[in-house]
Amino acid sequence: MWGDKRYHTLDWELKKTFGQKVIKLSLDGGFTCPNRDGTLGTRGCIFCGEEGSGDFASSPTLPLSAQIEQQKRFLATKWPKGKYLAYFQNFTNTYGPAQYLDALYREALAGEGIVGLAIATRPDCLPGDVLDVLAHYAEETYLWVELGLQTIHSSSAQFIRRGFDLECFTRSVGELTRRSIRVVVHLIFGLLGETREDYLETVRFVAGLGVWGVKLHLLHIQRDTDLYHVYQEKPFPLLGRDEYISIICDALELLPPEVVIHRLTGDGNRKLLEGPRWSLDKLRVLSGIDQELRNRDSMQGKSSQP
Ligand code: SF4
């Protein structure tokens, strides 16, 4: 159904839509986050490093056009040709005045070969005028908005210092989908105190929301985070590779076939990652997931509710 995979990959979805490979360019719009600037807190989410939540983003000191060219050059050895999505990943990319956001997104779309926008944010940073800007771009271009839910369980949400409740998240998903804006939800497996059934309860909840995509992450203990200090003081069990693979396959079975899978494991920072170190071998994790789905003779959506 999805090329050589048993789940609905983003790569497959974008090739189907654009007829060729589409590459994400990680851009930095110079944002901060209410969980860091003192509005809600100063330390951020417990797992969030000093550089925010993005991987490989360009420097915010460069103008956007220079960031776009830099990212294209950086990725050219792997993908010399392709179309591009401007990906605002780091920190909270709707945390600013609507006019500023509008100008920033427009500038990104003006880059050569850019066919759409991907914007990562928080559900409590989507006021009406920002939703209007996003709705405008959803009509004009290919757009998705990413929200970091991580878990539906309130004790874990407090532990990670997420700073918004489930009601806020659900309301924002409703506001976005009502405006035909694609929504991608981030979840983390391996949070302290959660069990396999807790992760899967979160997945069932998200599966019922009608979102467009999901990003599934393993909890990383990174040395530049508060979580590392918690872990140092009182180490707690981290997920093992086989256990993680098995949980991911359970999650895929619960997600409807139309949900686009953006990620099944994170890119840990090799220098900063305390654990689980096995996650650095991403290919082994991904091939383990393929193998486990074959062993089960299973696929995404096998156990999803119609
Ligand atoms: S909301 Fe995102 S950017 Fe802000 S502190 Fe949490 S993980 Fe970091």
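Here, each number is a calculation from the coordinates, and none is a lab measurement. Since this is a predicted model, take the numbers as computed values, not measurements. FYI the Cβ positions are ideal-geometry reconstructions off the backbone, even for glycines, and counts take in every protein chain you see.
Odds and ends about this structure:
- Beta bridges assigned by DSSP with both partners in region 10-295 are antiparallel in approximately 10 percent of cases.
- A simple spin-label model places the labels of Thr170 and His136 3.2 nm from each other, with each point 7 Å out along Cα-to-Cβ.
- Environment charge of Ala98, counting only residues whose C-beta is closer than 11 Å and scoring Lys/Arg +1, Asp/Glu -1: -3
- Net length gained if the chain between Glu50 and Tyr100 were fully extended (0.36 nm per residue, minus Cα distance): 15.6 nm
- Relative contact order %, the chain, counting alpha carbon pairs below 8 Å whose residues are six or more apart: 18 percent
- Counting other Cβ atoms within 10 Å as a rough exposure proxy, the listed residues Val115, Val203 run Val115, Val203 from fewest neighbours to most.
- Kirkwood analysis of the Cα pair distances in the chain returns a hydrodynamic radius of 19.9 Å.
- Listed from fewest to most Cβ neighbours within 10 Å, the set Tyr87, Tyr100 follows the order Tyr100, Tyr87.
- Judged by a Cβ-Cβ distance under 4.7 Å, the unpaired cysteines of the chain are Cys33, Cys125, Cys168, Cys249.
- Among Ser279, Ser287, Ser156, residue whose mean-square fluctuation peaks in a GNM of the chain (springs only between Cα atoms under 10 Å): Ser287
- Were the residues from Arg277 through Arg294 laid out at 0.36 nm apart, the gain over their Cα-Cα distance would be 3.6 nm.
- Phi angles across region 6-12 convert, under the Karplus curve 6.51 cos²θ - 1.76 cosθ + 1.60 with θ = phi - 60°, into 3J(HN,Hα) values of 9, 9, 7, 7, 4, 4, 4 Hz, Gly and Pro given as x.
- Among Leu85, Leu227, Leu209, the residue with the largest mean-square fluctuation in a Gaussian network model of the chain, with springs joining Cα atoms closer than 10 Å, is Leu209.
- The stretch between Glu197 and Ser155 holds 13.6 nm of extra length on full extension. This uses 0.36 nm per residue minus the Cα-Cα distance.
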